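The values are calculated or read from the model by the stated rules, or taken from the named source; none is laboratory data. Model, not experiment: these values are computed from the prediction. No Cβ is skipped: glycine too gets one built from the backbone with ideal geometry, and neighbour counts run over all protein chains shown. Calculation scope for accessible area: heavy atoms of the full protein, side chains included, ligands and nucleic acids excluded. Shrake-Rupley method; radii C 1.70, N 1.55, O 1.52, S 1.80 Å.
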Amino acid sequence: MTASADPGLRMEVRDTLNAVDPGAWDALTHGREPFLRHAFLEGLERHGCLGRRYGWFPQHLLAFRDDTLVGAAPCYAKTNNYGEFVFDWAWQTAWERQGQPYYPKLVISVPYTPATGPRLLVHPDEADPEAVRHRLLQTAAARGAELGASGVHVLFPTEAEAAQADHSGLVRRMGCQYHWHNRGYADFDAFLAALSTKKRKNIRRERRRVAEQGIEFRTLTGTTAGPEDWARFHRFYLDTFEKHMGIPTLSEDFFVGTAAALGEQVILFEAQRNGQSVAAALCYRSHDTLYGRFWGCAEDLPDLHFETCYYQGIEFCIRAGLARFEPGAQGEHKIPRGFLPTPTTSAHAILTPGFGAAVQDFCQRERRMMEAQCASLMEHSPYRTPD
């Protein structure tokens with residue numbers, strides 16, 4: 001990674017955020033991005049969601065002009081690939097076959113969060129944001145070399161940051177998720193009217209089945225949900241991971257603490273029957289996007305998952321005027337429910353000698369396959385073809 005030096009920038013690497021001023025950190029994004037809020041990232045550290053047990057070790061990158069924080073990147077040394085959602089098992093195997101260690105590696109990302117957003121944070125008033133982003137990437141590479149890391153990986157960056165990473169010599173990799181886009185719908189019926197007749201009828205049938213089971217919904221926020229609501233949700237969260245043999249990394253204290261700090265950026269859809277909670281889905285919102293993160297249920301009722309995780313979120317986006325709904329990673333079953341294939345990006349700097357060309361070739365071949373897959377999936381779009 002090469003870039004012209006800026007002598008006015010002072011770079012630091014810190015292994016915790018608790019000594020970083022929350023206001024200065026949040027000012028880098030105007031506090032708009034929930035997963036990049038100081039309270040969210042520092043909450044992961046404070047409430048024991050990172051560290052040796054889970055393989056995430058903070059190595060946050062900070063850029064200062066004098067004593068003013070003008071840039072930062074949430075960065076972690078990793079000793080496994082859990083919770084990244086950009087899968088590199090093939091790369092790990094290639095390293096091991098050559099007798100090389102793949103771990104540690106550095107990731108610039110939000111732990112356990114496959115949501116596209118800023119990763120190389122720069123203060124909006126910074127006169128030379130490109131220089132700051134270059135220095136953040138350079139500092140990551142230097143820190144990776146100090147740790148003996150196999151590479152530096154920027155996960156789910158914005159397109160502008162991906163272009164900056166291209167300029168800095170990183171290798172771009174393509175993924176695919178399924179996102180819903182608000183086309184100025186007045187209400188849920190207006191959204192349904194944009195779908196083909198078959199898909200429209202199917203969604204109405206799914207929603208009707210849920211209502212016929214006596215399910216009612218309430219929408220809570222980080223401001224209105226109380227400790228008992230988070231205790232119930234955390235039980236759902238644990239149960240979901242146990243059913244799917246996953247690792248539940250987030251504690252009840254994390255949910256309670258970050259909800260209080262993020263307030264209206266935390267959205268909890270709770271399904272009730274006869275006054276008892278039977279399911280819930282946790283989402284977060286920015287100024288223009290709703291992000292689905294976790295869900296769980298006490299009973300596996302027909303179509304309850306679709307209503308709780310998708311249709312409640314779509315209705316919320318329409319009410320709140322949000323432009324996009326990212327319900328989480330994977331899931332082709334989302335397409336007939338209005339979520340279209342959407343490319344995602346990661347960028348990779350390989351530090352182990354002799355592997356860079358192979359990774360670049362892998363990413364180029366994979367990209368061609370992903371583009372073909374996305375094009376094929378788009379043929380199954382549920383939306384009506386304009387006359």
Whose amide H sits under 5 Å from the amide H of Tyr112, counting only residues 5 or more places off or on another chain, with H placed in the peptide plane? none
Could you tell me which of Val210, Leu9, Ser168 has its Cα farthest along the dipole of the chain towards the positive end, charges placed at Cβ (Lys, Arg +1; Asp, Glu -1), taken about the Cα centre? Val210
Can you run phi through the Karplus equation (6.51, -1.76, 1.60; θ = phi - 60°) for the range 40-47 and list ³J(HN,Hα) in whole Hz, with x for Gly and Pro? 6, 5, 5, x, 4, 6, 4, 9
Under 5 Å, built H, 5+ apart or other chain: amide partners of Ser286: Tyr291
For the range 249-270 versus the range 155-177, the gap between their alpha-carbon centres in whole angstrom: 29 Å
On a straight-distance basis, which aspartates and glutamates could pair with Lys105 in a cross-link, Cα separation under 13 angstrom, same-chain partners fewer than 8 positions away excluded? Glu84, Asp88, Glu146
0 to 90° range, to nearest 10: angle between helix 356-378 axis and the chain longest Cα axis: 20 degrees
With every protein chain in place, the chain: carbon and sulfur % of accessible area (1.4 Å): 50 percent
With angles folded into 0 to 90 degrees, how steeply does helix 197-212 sit against the dominant principal axis of the chain? Use alpha carbons for both and round to 10. 70 degrees
Counting only residues 5 or more apart in sequence or on a different chain, those whose built amide H sits under 5 Å from that of Phe294 are Leu282
Positive-end extreme of charge dipole, the chain - chosen from Gly292, Gly222, Leu62 (charges on Cβ): Gly292
Can you list the lysines whose alpha carbon sits under 24 Å from that of Lys243, skipping same-chain ones fewer than 8 residues off? Lys334
Sort 265-278, 220-233 by packing, meaning the average of other beta carbons within 10 Å per residue, with the highest value first. 265-278, 220-233
Regression test value, accessible area per residue of the range 313-387, probe 1.4 Å, units Å², expected 51 Å²
What list of ³J(HN,Hα) values in whole Hz, one per residue of the range 64-75 in order, does the Karplus curve 6.51 cos²θ - 1.76 cosθ + 1.60 (θ = phi - 60°) give from phi, with Gly and Pro shown as x? 10, 10, 6, 10, 9, 6, 10, x, 6, 8, x, 10
Helix-derived mean residue ellipticity, 222 nm - over the chain, DSSP H n ≥ 4, -39500 (n - 2.57), to 500: -11000 deg cm²/dmol
Counting only DSSP beta bridges with both residues in the chain, tell me the antiparallel percent, nearest 5. 90 percent
Taking only C-alpha pairs under 8 Å that are 6+ residues apart, what is the relative contact order of the chain in percent? 20 percent
Need one number: % antiparallel among DSSP beta bridges in the range 260-387, to the nearest 5. 85 percent
Length-normalised contact order for the range 188-332 - Cα pairs under 8 Å, 6+ apart - percent: 24 percent
About the Cα centre, charge dipole magnitude for the chain (Lys/Arg +1, Asp/Glu -1 at Cβ), debye: 1080 debye
Could you give the accessible area per residue of the range 185-224, probe 1.4 Å, as a whole number in Å²? 57 Å²
Over the range 2-110, average the accessible area per residue using a 1.4 Å probe and give it in Å², no decimals. 44 Å²
To the nearest 0.05, the calculated FRET efficiency linking Ala357 and Thr68 through their beta-carbon distance, R0 being 45 Å, is 0.65
